[in-house]
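Read-outs throughout are calculated quantities, based only on the coordinates presented, and are distinct from any laboratory measurement. Note that the coordinates shown come from a computational prediction; the quantities given were computed from them, not determined experimentally. Don't worry about glycine lacking a Cβ; one is built from the backbone with ideal geometry, like all the others, and counts go over all protein chains shown.
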Amino acid sequence: MPTPEHNPEFDATFDGTLYSLLSWKQLAAFWDRLDPAAGWYLYAIGEDRPEAPADAAHVITFVREIDNLLHKDHHEDYCGIVYADNLEQPKLIKIYDPNHLGSSCGSIGYRVLPGWVMSLMPPSDLSPSHFVPQNRRRWWQGFLDAIGVA
C-alpha cells in the first residue's frame, strides 16, 4: 500500500528497465508524443516531493524549459541523459542533470539520482546523495515562478 513517502509501483518502475533517448532528434519526437494533460507529477530531486500532478500548461512549460536547459548544458552532439520506462507511452521519465552525471558504470559507490523525474504515479520521496547546486535550485524556483507556483 502506498504511503505519502513511499509508492511501491513508482519504486519498481524507477528501479526497473528504462530506455535512453540517445539523439536530440529522438528526444524532440518523444516530447511531441507526450500527453501534457495525462497527470504528470513534476519532481525536482532535492525539492519537496509533489503531492499532486501538474496541469497541462505547467507540463508544457516544464518540457520546454528542461529541453532548453539540456541543450544549453549538455555539450554533446547526442542526448543520452533522458530515460523512460516506455518510449511510446511512458509512465516514468528520468532526466539527468548534465552537470551531475556520475559514472555510467556505477563505480562511484553510490546511486546517482536524476535531476528531475516526470511520473504518472505519485512519486516516492527521493533524497539526493549529493548536494543540489544552488543554480539548479534557482532554475526550479524560476520555473515555479513562471507558472505562478511560488
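Observations
- Across the range 8-146, the mean sequence separation of Cα contacts (distance under 8 Å, 6 or more residues apart), normalised by length, yields a relative contact order of 33 percent.
- Loop GluC sites (Glu not before Pro), the range 1-68, which have at most 15 other Cβ atoms in a 10 Å radius of their Cβ (DSSP): GLU5, GLU51
- Distance in nm between pseudo-label sites at GLU47 and TYR78 (7 Å out along the Cβ direction from Cα): 3.0
- Cα-derived Rg to Rh of the range 8-146, Kirkwood definition: 0.92
- A Cβ-based charge dipole, computed about the Cα centre of the range 8-146 with Lys and Arg at +1 and Asp and Glu at -1, lands at about 280 debye.
- Once both labels are positioned 7 Å from their Cα atoms along Cα-to-Cβ, the gap between LYS91 and ASP15 label points is 1.6 nm.
- Near the amide H of ILE45, within less than 5 Å, lie the amide hydrogens of TRP116, VAL117, all on another chain or at least 5 residues away, with H placed in the peptide plane.
- Charge dipole of the range 8-146 about the Cα centre (unit charges at C-beta), most positive-ward option of ILE95, ALA52, THR17: ILE95
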